[in-house]
Each structure stands twice: as structure tokens, then as C-alpha cells.
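Have a look at the structure below before the remarks.
The values are calculated or read from the model by the stated rules, or taken from the named source; none is laboratory data. None of the values given here were measured: they were computed from a predicted structure. When we count neighbours, we look across all protein chains shown, and the Cβ atoms used for this are built from the backbone with ideal geometry, even at glycine. For accessibility, only protein heavy atoms count, side chains too; no ligands or nucleic acids. Shrake-Rupley method; radii C 1.70, N 1.55, O 1.52, S 1.80 Å.
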Amino acid sequence: MDRAVAPAKREAALVTGGASGIGRAIVRRLAQDGADVVVVDVDEVGARRAAEEVGGTPVAADVAEPGAWTAIAARLERLDVACLNAGVVTGTPLLADVSDEDYRRVLGVNVDGVVLGVRALAPLLEGGGRIVVTASLAGLTAVPSDPLYAGTKHFLVGFVRSVAPQLAERGIAINAVCPGIVDTPLLGDGRARLEAAGFPLLDPDDVAEAVATALADGGTGQAWTCQPGSVAELYRFRGVPGPRVPGGEGVTPPL
Ligand code: NAD
């Protein structure tokens, strides 16, 4: 007797900052790969457009708001993949030019938007879920043109690596994607200067490819770099020095 083959269950995915640039490319890529995608963005119209394009669900929300995450988690029945991607820049190299409001805005979106997202979504992702955080090469190297932005991206890389073991105990993988410079609206006026200099830019689809690689890899606590010509490369961290006193070699803190 022929056995009926149950159709493969579609994955449920969520992408923050999904209305534009890299997030929008991730939304398309996840949908192409067969996922039902929830598009979260503070830009309500953009979220609706991006969701309509893939038959997904738009959610207008500010990822920096704790209450927004409570509401998002409450309306999701299940979740397999979360791409915490929304991010903003200060647009200035000079700390003296950054207003209190701008400082809070950048930390709110780039840092709170990921921490609150991981915390709110983890219960839904338990037992096989995967998180990819859009960090940046600015999280792995110094960026004097926007120190605050670079600081938030360093936070993300350190957070992903450090929170990975406790999430692994709950059956959740978390990884960071660290792109070089991507041709998106985030570049603002800098885009013309980069183009005039002939600087090679990534396409948002390249980053979506890196995200797909990170999702498929099976590892956790890793950072994937993404550059033109090499869109998904596992970053090898150098170890830090341990104690250099007799008997202290190779020990790690018992914490
Ligand atoms: P983008 O400006 O094209 O898109 C960012 C999206 O995030 C927009 O749709 C915006 O409305 C949304 N957003 C902003 N604040 C939000 C909030 N509070 N709540 C919800 N949504 C919010 O920028 P992009 O280049 O696609 O950036 C996406 C991510 O990639 C960011 O985290 C950015 O730091 C990172 N990144 C970008 C580049 C680059 O060169 N473009 C390089 C490395 C990493």
C-alpha cells in the first residue's frame, strides 16, 4: 500500500529591519528557501511591502522597545529562525557631535534590539531554533568614522559568542554575520564617495547568502565574515593570553 507522504512543514522565520537593504534580501532568501516570514520594521509601509512580496506577515514595531518584543512573541505560534538584523549608524565620527538622543537611539536599535529579541524569542526557539545576528566587520575591527556604531557591533559579536553556550543548552544556535560595506540606504552620502573611489561593495543578496550559510552550518557562537568575492567565511578568533604564572598556564576561570 502506498503511504501518503506528509508535506514538509514550512519553517517559520522572523527578520527585523526587513523593510530595506540587507533585511529585505534576507526576507526574500528565507521565503525562497520555503519559510513563512514575519517582517518586523519600524517602517510600517516598508514592512508591508516586503511582506506582501513574499506572502509574509508585516509587523510594525520598534525593536528598541521592550514592550514591542512582548507583543511580537505573543502573536507568534512557533518560530524556527530569527534574523535580528535592524541597525542604524550615528553618521558622525565625532563623539562631541553625538547628542544624548542619538547615542540612545544607536544603542537602543543595535544593542537592545538584539538582546531583547533574543530574550523574548528564545522560548519559541527552544529545541532546534536558530538565530542569526547581523553584526558587521565593524564588530571585528576599529572604525574611526563611527566609533559608537563600531562599539555596538563589537558588543554583538561578544554577546553572540558569550550567550551561545546557555542557548545551546536550550537547543538554540546563535551566530553572527559580519559583512563589509553593503550597498544599502544605510550608506547615505558615503555611497557616492565609495563609488567614486571604486571601492567594491557587497550586494544585500550576498549577505543573505552568508545568513543562509550560517543557518545551515550547524555550529553556534560563530562569526561569519562577508566580503565581495568571499561571501561567507568563518572568522577565526585569536585566543587571549592566559595567566603566565607557574601552575596557571592554560587554566580558565572557574566561573
Ligand atoms: P537599511 O537602512 O537599508 O535597513 C535597516 C532597516 O532597519 C530599515 O528598514 C529600518 O527602517 C529598520 N530599522 C531601523 N530602526 C529600527 C527599529 N528601531 N526597529 C525596527 N526596525 C528598524 O540598512 P542595512 O544596510 O540593510 O542594515 C541592516 C543591518 O546590517 C544593520 O544592523 C547594519 O548595521 C548591518 N550592516 C550594514 C552594512 C552596510 O554597509 N550597509 C555593513 C555591515 C552591517
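State to the nearest 20 debye the size of the charge dipole of the chain about its Cα centre, where the only charges are +1 on K and R beta carbons and -1 on D and E beta carbons. Could the numbers behind the result be given before it?
On the way: 22 positive and 31 negative charges, 134 e Å.
That gives a dipole near 640 debye.
Among the DSSP helices (H) of the chain, those spanning at least 24 angstrom by Cα along their long axis with an average Kyte-Doolittle hydropathy of 0.0 or more are 147-169; this is a geometric and hydropathy rule only. Hull volume per residue, based on the alpha-carbon atoms of the range 92-161 and their convex hull, is 77 Å³.
For the pair the range 23-102 and the range 131-195, the centres of their Cα atoms are 15 angstrom apart.
Global size of the range 1-131: 16.7, 75 Å for Rg and Dmax (C-alpha atoms, Rg to one decimal, Dmax whole).
Based on DSSP, what percent of beta bridges with both residues in the chain are antiparallel, to the nearest 5?
Given both bridge residues lie in the chain, the antiparallel proportion sits at roughly 10 percent.
Could you rank the peptides 10-18, 61-69 by their average count of other C-beta atoms within 10 Å per residue, with the highest value first?
Numbers: 10-18: 26.4, 61-69: 18.1.
So the order, starting with the most tightly packed, is 10-18, 61-69.
Computed 3J(HN,Hα) for the range 222-239, one whole-Hz value per residue from the Karplus formula 6.51 cos²θ - 1.76 cosθ + 1.60 where θ = phi - 60°, is 10, 10, 10, 7, 9, 9, x, x, 8, 7, 8, 10, 5, 7, 9, 7, 7, x, glycine and proline marked x. Across the range 28-73, what fraction of all alpha-carbon pairs, as a whole percent, falls in each successive 5 Å bin from zero upward? Computed distribution, short to long bins: 6, 25, 27, 20, 16, 6, 1.
If you roll a 1.4 Å probe over the heavy atoms of the protein chains, what accessible area per residue do you get for the range 16-119, in Å²?
Values: 4950 Å² over 104 residues.
Solvent-accessible surface per residue comes out at 48 Å².
Tally up the carbon and sulfur contribution to the accessible surface of the range 94-211 as a whole percent, 1.4 Å probe, everything protein left in place.
Working: 3050 of 5550 Å².
Here it works out to 55 percent.
Kindly provide the trypsin sites (Lys or Arg not before Pro) of the range 159-212 that DSSP labels as loop, not H, G, I, E or B, and whose Cβ sees at most 15 other Cβ atoms within 10 Å. Walk me through the numbers before you get to the answer.
Numbers: sites: Arg161, Arg170, Arg191, Arg193; in loops: Arg170.
Counting only loop positions with at most 15 other Cβ atoms within 10 Å, the trypsin sites (Lys or Arg not before Pro) in the range 159-212 are Arg170.
In this label model, Phe237 and Phe199 are separated by 2.7 nm, measuring between points 7 Å along each Cα→Cβ vector. Basic side chains Lys and Arg get +1 at the Cβ, acidic Asp and Glu get -1 at the Cβ, and with that the dipole of the range 192-253 about its Cα centre reaches some 480 debye. Pairwise Cα distances in the chain exceed 23 Å in 52 percent of cases. A 1.4 Å probe run over the range 161-255, with the rest of the protein chains in place, finds 61 Å² accessible per residue.
From the helices alone, meaning DSSP H stretches of at least four residues, give me the mean residue ellipticity at 222 nm for the chain, per-run term -39500 (n - 2.57), in deg cm²/dmol to the nearest 500. Write down the numbers at each step before the final one.
Values: 8 runs with 98 residues, N = 255.
About -12000 deg cm²/dmol.
With N counted as the residues of the range 159-255, its alpha-carbon radius of gyration over 2.2 N^0.38 Å works out to 1.46. Projecting the Cα positions of Leu187, Leu167, Thr225 onto the charge dipole of the chain (unit charges on Cβ atoms of Lys, Arg, Asp and Glu, taken about the Cα centre) puts Leu167 furthest along the positive direction.
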